[in-house]
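The values are calculated or read from the model by the stated rules, or taken from the named source; none is laboratory data. Treat the numbers as computed from the prediction; the structure is a model and nothing was measured. Every residue, glycine as well, gets a Cβ built from its backbone with ideal geometry; the counts of neighbours run over all protein chains shown.
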Amino acid sequence: MNTADFDVVILGAGPAGNALALALAHKARDPSRIALASPAAPRLPQSGNTASAGIDPRCLALNHGSRVFLETLNAWPQAAADIQQVHVSQRNRLGRVIIDHRELNVPRLGSVVRYDDVLVALQNALESSGVTRIEARAQPRLSGQHVECRYEGGVVTARLAVQSDGARPEGLQRHYGQHAVLSNVRASRPQPGWAYERFTQTGPLAALPHPQGNDIYSIVWCCSPEQAEMLRGLPAAEFDRLLHEQFGDRLGSFESVSRRAVFPLALHAGPSRINARCIAIGNAAQTLHPVAGQGLNLGLRDVAQLAQSLSRWLLRPESNPDPFCVEFTRRRRADRWLTIAITDFLPRVFSTRNPLVEHAGGAALLAMDIFPPLRNQLARQLLEGLRS
């Protein structure tokens, strides 16, 4: 039997790729046969800077399940803001729902961390993992029973490849006609532990507690591309005024404390298995609308299940990985498509500008607030996904 350079090569070193490399290293007989391939990138700064610092302005809302998983990998960042309650409402309509961690018997619903801080924690953990790093953007190609990963400096082979980012999923697509405006603001009346999701006619507006200060919130404002560009260019005082107008008075007035960034929003979802020797996870399998903050949480569930499915194969990596790949795709199917459906439905139904639909949405929020089983069923899905 021909030998391969590696048992598994992971293509893309974002949070999902790094987490998978760590998880597989914990299960492999020889962690050096796990390769992580990505273009060379500057070392990210350590956490502890101001709210406006960092290469990437994004903050991530990681649910309780994701936090527990990263803690088992010794890759949880030092700075995090806990979410204990989530307040969901609709602008200019009746109906709201509050999700409380105590009803679900968890210490927190989730935590907000800076994107850069997550990468730093994962990079630090990888340094002592034994995983092989390859600085290259590799392209996988099926070659017999192996995968060839070609890059500018040469080629490596692996028994199995995992695409974790850098490749847009091919399959289901939807462009929402929305962009997300990201910013950090200081609130005059902060509510520690509370996160807010407010549906407006132009899209969802989220205010999340920020790890850099009890009075700082990470704003994700979804609106039309034209409005997003207008908001990006506004003076800080005018942006703060419009934000307060849309969000309401629950946190008092706002004061911008960072630059603003704008990202287009779209759904792309493809198969978990690209071919017989290549698996897709994370953003290479699905990119979601940011409503409810499910993107990386879903990706980390991909990681956890793939590591579990491959754990037995990694004890005998010379054997056929196909049955374990089939198990992974089967176990991930229901959770993936249910989460995709929820995050696709919510931003569209609440921004139809149809009064009947908006009132129905308000009634649904009210029903969940009155009947805990309805509320907790949705909360459990967002908290830990659908278990198979």
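Here is how the numbers come out for the structure above:
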{"read-out": "Residues (surrounded by fewer than 19 Cβ atoms within 10 Å (Cβ to Cβ) and either more than 30 Å from Arg301 (Cα to Cα) or in contact with a Leu (Cβ under 8 Å, 6 or more places away or on another chain) (or both)) located in the stretch 271-282", "value": "Asn275, Ala276"}
{"read-out": "Only one of Ser311, Ser319, Ser253, Ser272 that is outside the structural domain of Thr157 (by TED's automatic domain parsing), touching a helix residue (DSSP H, G or I) at 6+ places or on another chain (Cβ under 7 Å) and among the hydroxyl-bearing types (Ser, Thr, Tyr)", "value": "Ser253"}
{"read-out": "Complete set of residues in the stretch 278-328 that are more than 12 Å from the chain's Cα centre (by Cα), at pLDDT below 95 and under 16 Å from Ser66 (Cα atoms)", "value": "none"}
{"read-out": "Residues located in the stretch 13-55, provided they are at pLDDT below 95, of a type outside the set (Ser, Thr, Tyr), surrounded by 15 or more Cβ atoms within 10 Å (Cβ to Cβ) and more than 16 Å from Ala75 (Cα to Cα)", "value": "Ala37, Ala51, Gly54"}
{"read-out": "The stretch 241-264 - residue that is in contact with a Leu (Cβ under 9 Å, 6 or more places away or on another chain) and in a strand (DSSP E or B) and, of those, surrounded by the most Cβ atoms within 10 Å (Cβ to Cβ)", "value": "Phe254"}
{"read-out": "Residues of the stretch 265-287 classified as assigned to a strand (DSSP E or B) and closer than 22 Å to Ala21 by Cβ, total", "value": "8"}
{"read-out": "Among the residues listed as Arg108, Arg159, the single one being of a type in the set (Lys, Arg), at pLDDT 90 or above and in the same structural domain as Arg29 (by TED's automatic domain parsing)", "value": "Arg159"}
{"read-out": "Test: residue in the stretch 149-158 that is closer than 30 Å to Pro77 by Cα and assigned to a strand (DSSP E or B)", "value": "no"}
{"read-out": "Any chance Ser128 is modelled with pLDDT under 95 and over 23 Å from the mean Cα position of the chain (by Cα)", "value": "no"}
{"read-out": "Tabulated pairs, the stretch 21-39, first closer than 15 Å to Gln123 by Cβ, second among the basic types (Lys, Arg) and assigned to a loop (DSSP other than H, G, I, E, B), C-beta under 6 angstrom, 6+ apart or interchain", "value": "Pro39/Arg137"}
{"read-out": "The listed residue being in a loop (DSSP other than H, G, I, E, B), basic (Lys, Arg) and not assigned by TED's automatic domain parsing to the domain that holds Leu298, out of Arg93, Arg137, Arg67, Arg102", "value": "Arg93"}
{"read-out": "Residues that are over 16 Å from the mean Cα position of the chain (by Cα) and assigned to a loop (DSSP other than H, G, I, E, B), drawn from the stretch 78-90", "value": "Gln78, Ala79, Gln84"}
{"read-out": "Filtered residue count, the stretch 113-133, keeping only those that are assigned to a strand (DSSP E or B) and crowded, with 23+ Cβ neighbours inside 10 Å", "value": "2"}
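Conditions (1) under 24 Å from the mean Cα position of the chain (by Cα); (2) at negative phi; (3) assigned by TED's automatic domain parsing to the domain that holds Met230, marked per residue:
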site	(1), (2), (3)
Arg133	yes, yes, no
Val147	no, yes, no
Arg150	no, yes, no
Ser164	yes, yes, no
His179	yes, yes, yes
Ser183	yes, yes, yes
Ala187	no, yes, yes
